[in-house]
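Enquirer: Submitted below is the structure of interest, expressed as structure tokens.
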Amino acid sequence: MNLLVLSVTMLLTFVLLATATWWVARARQMQGAQLSAQLLANSVAPMLVFADADAARNELAAFSRRSDLLLVQVLDERGGVFVQWRADGQPAEGAARVPAGLAKLDARGAASASTLEVWAPVRLKGEMVGALLLRESLQSLHRAVLLLTGVAALLIAAAIGIAARGLGAVQRRALAPLVELSDLAERVAHDHDYSRRAAVRRSDEVGRLTERFNDMLRRIQISQEDLRHKLAQEQVAGQQLHQMAHHDSLTELPNRLFFQGELQRCLALNDERGELMALMFIDLDNFKTVNDLYGHDAGDAVLREVARRMADVVRADDVLCRLGGDEFALILPALPDEHAAEQLALRLVEAVRAPLLIDGKVMPIGATVGLAFSPLDARESADLLNASDQAMYAAKRAGKNTYRRAGDAATDLH
Ligand SMILES: Nc1nc2c(ncn2[C@@H]2O[C@H](COP(=O)(O)OP(=O)(O)OP(=O)(O)O)[C@@H](O)[C@H]2O)c(=O)[nH]1
């Protein structure tokens, strides 16, 4: 942009300069021609009066050494050609018309595109005795002006070229740090790596801008790391909360809250796949007696051991939970048949019934299991839980340490 303005300015200056040069040079040539014409007119005046044509011709011949001269005519009082001189190759001419009012004037001239003409009165003792016409070519002047403007044009072109190179270098130098900053901003926006920094090479405004940019990156980096750290902490806290909310710390088993969600999830999946699943409601027998006879700590130890034994018996995909107190639940997804669940119920009862010693004393503990199937007994979680709970109570009534199926006849292990 700057270069364009500079070029246009220089071009305008050049045009103005060329025009002025041409105009001044032409005016000077006109002045010279007028002066020469008047001097020549004064010289030939006596020759004209005394009709000494030879002397006048000699005077003209001497004068004709002046360059650019095309024609000199000396006219007598009546306007006829007294003598004339023409440059070689110029066509012969008759007498030119003397301009009116010449007697009262000094030499005067007019210019066309390629020639200039000057009329001078020929006077002797103040009396006009004739007129002199002088015609000069402007070709030399044109050539000189052309040469001058050509040289000027070359100089201007060279100046523009040098300015362009200089400006380019200055712009490159001025813009380099900004281009570097822009590249860095793009890279940071692309890979979100806020640890990048721009090199500060200058102490001017651009250098300060680079420092501020680096400050900004530093601050974003710090807040990003802060945010990442807080997020990680929150994630850990969230996981801990989730674990606490869904976990029974005494037995290390999932708790009632987890059980509720898991039962619904398993039921939905089972429904979708059209498979058989079962829910066991397990309630320990005589647990209150353990607490009463051997204390709460012994009761806790019993709960932990019972949980461990049951976890050993169940399949890998089964979900064993502690619902609270001495109540447990076992979700059995994707069962091959009902018999497999009944076998597992028997194994659970057996596992809990096996002698359990705390501080060398056998705990009088057992387990009663209520078994309900989905979709046979219920499809909804609440209904299935209720069915297994009812079955468990039926088993309790039947004498404990056994299991019952929802709606089935009692199956007594004893
Ligand atoms: N040690 C201990 N005891 C608990 C805990 N939670 C509940 N209990 C006690 O467990 C007992 C459960 O009582 P019940 O199930 O009614 O008694 P039970 O002797 O098992 O009765 P049956 O089921 O009919 O055999 C109560 O005494 C509760 O106080 C616990 O976390 N630790």
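Enquirer: Could you please put VAL44, VAL129 in sequence from largest to smallest accessible area, using a 1.4 Å probe?
Expert: VAL129, VAL44
Enquirer: Of all trypsin sites (Lys or Arg not before Pro) in segment 21-70, which ones are in loop regions per DSSP and have a Cβ with at most 13 other Cβ atoms within 10 Å?
Expert: Passing both the DSSP loop test and the Cβ count: ARG65.
Enquirer: May I pose another question? Name the residue farthest towards the positive end of the dipole of the chain from the options PRO336, LEU16, ASN42, assuming +1 on Cβ of Lys and Arg, -1 on Cβ of Asp and Glu, about the Cα centre.
Expert: Comparing the listed Cα positions along the dipole, ASN42 ranks first.
Enquirer: In what order, largest first, do ILE222, ILE365 sit by accessible area if the probe radius is 1.4 Å?
Expert: ILE222, ILE365
Enquirer: Something else now. Residue-wise, which Karplus ³J(HN,Hα) couplings in Hz belong to segment 137-144, taking 6.51 cos²θ - 1.76 cosθ + 1.60, θ = phi - 60°, and x for glycine or proline?
Expert: 7, 9, 4, 4, 4, 4, 4, 5
Enquirer: When N counts the residues of segment 129-263, how does its alpha-carbon radius of gyration compare numerically with 2.2 N^0.38 Å, as a ratio?
Expert: Here the answer is 2.76, to two decimals.
Enquirer: Something else now. Hey, can you find the accessible area per residue of segment 1-144 for me, probe 1.4 Å, expressed in square angstrom?
Expert: 58 Å²
Enquirer: Restricting things to alpha carbons, tell me how big segment 333-414 is in terms of Rg and Dmax, in Å.
Expert: Both quantities, over Cα of segment 333-414: 13.9, 45 Å.
Enquirer: Describe numerically, in nm with one decimal, the distance between label points set 7 Å from Cα along Cα→Cβ at GLU127 and at GLU186.
Expert: Here the modelled spin labels are 9.6 nm apart.
Enquirer: Now, a different point. Test of the criteria: in segment 307-384, which GluC sites (Glu not before Pro) are in a DSSP loop and have at most 10 other Cβ atoms within 10 angstrom of their Cβ?
Expert: Within segment 307-384, no GluC sites (Glu not before Pro) qualify (loop, at most 10 other Cβ atoms within 10 Å).
Enquirer: Within segment 256-410, what whole-number % of the accessible surface is contributed by carbon and sulfur, with the 1.4 Å probe and all protein chains included in the calculation? Walk me through the numbers on the way to the answer.
Expert: Values: 3430 of 7080 Å².
C and S fraction of accessible area: 48 percent.
Enquirer: Of all chymotrypsin sites (Phe, Trp or Tyr not before Pro) in segment 1-104, which ones are in loop regions per DSSP and have a Cβ with at most 16 other Cβ atoms within 10 Å?
Expert: PHE50
Enquirer: Against the globular-protein guess of 2.2 N^0.38 Å, express the Cα radius of gyration of segment 281-350 as a ratio, rounded to two decimals.
Expert: With N residues counted in segment 281-350, Rg over 2.2 N^0.38 Å equals 1.20.
Enquirer: Based on C-alpha coordinates, I'd like the Rg and Dmax of segment 192-246, in Å.
Expert: When restricted to the Cα atoms of segment 192-246, Rg and Dmax are 18.5, 62 Å.
Enquirer: Is the shape of segment 1-144 best called rounded, prolate or oblate, per the rule: a/c under 1.5 gives rounded, else a/b larger than b/c gives prolate, else oblate, with a ≥ b ≥ c the square roots of the Cα gyration tensor eigenvalues? Present the calculation step by step, with values, prior to reporting the outcome.
Expert: Numbers: a/c = 3.31, a/b = 2.51, b/c = 1.32.
Prolate.
Enquirer: Quick one: which of 108-114, 72-78, 225-231 comes out on top by average Cβ neighbours within 10 Å, and what's the full order, highest first?
Expert: 72-78, 108-114, 225-231
Enquirer: Give the residue from HIS192, GLN139, VAL129 lying farthest towards the positive end of the charge dipole for segment 97-193; charges sit on Cβ (+1 for Lys and Arg, -1 for Asp and Glu) and the dipole is referred to the Cα centre.
Expert: VAL129
Enquirer: May I ask for the Rg/Rh ratio of the chain, computed from Cα atoms with Rh as the Kirkwood radius, given to two decimals?
Expert: Working: Rg = 62.3 Å, Rh = 33.7 Å.
The Rg/Rh ratio comes out at 1.85.
Enquirer: Using only helices, what value at 222 nm comes out for the chain when you add -39,500 (n - 2.57) per DSSP H run of length 4 or more and divide by the total residues, to the nearest 500 deg cm²/dmol?
Expert: Working: 9 runs with 230 residues, N = 414.
My calculation for the chain gives -19500 deg cm²/dmol from helical runs alone.
Enquirer: Treating the beta-carbon of each Lys and Arg as +1 and of each Asp and Glu as -1, no other charges, what is the dipole magnitude of the chain about its Cα centre, to the nearest 20 debye?
Expert: Computed charge dipole of the chain: roughly 3560 debye.
The values are calculated or read from the model by the stated rules, or taken from the named source; none is laboratory data. Here the structure is a predicted model, which means the values were calculated and not measured. For neighbour counting, all protein chains shown are included, and Cβ atoms are generated from backbone atoms with ideal geometry for every residue, glycine included. Side chains included, ligands, DNA and RNA excluded: accessible areas come from the protein's heavy atoms. Shrake-Rupley method; radii C 1.70, N 1.55, O 1.52, S 1.80 Å.
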